[in-house]
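First up is the structure itself, then whatever we jot down about it.
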């Protein structure tokens, strides 16, 4: 039960973190296509597909990269990419990728 309650609280809060503008996110995601592919479908196994991912999760991940809370793999590359993004930018990009078909 000690693990379930925090997860439920996080799940309840995540939708509020992902309220973004899909159309604005489509414009702001141009730099992402270099690794994550057009329409969020990567052709390189090293880079994950973003299309159809949960927007709240994507936003949370982008925030964590920006704060340096994620490490390993491509974390340093992602941290550099998100450094100049505002909270609104990250929400917009997350909403865009979340709206795409996987």
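Derivation of every value follows stated rules applied to the coordinates shown; laboratory data play no part. Small disclaimer: the values here were computed from a predicted structure and weren't measured. Cβ sites come from the backbone with ideal geometry, for glycine too, and all protein chains shown count toward neighbours.
Of all residues assigned to region 55-68, at least one qualifies as being exposed (fewer than 14 other Cβ atoms within 10 Å of the Cβ) and touching a helix residue (DSSP H, G or I) at 6+ places or on another chain (Cβ under 8 Å). Scanning region 37-61 for residues that are free of Cβ contacts under 8 Å to residues at least 40 places away in the same chain and part of a helix (DSSP H, G or I) turns up 38, 61.
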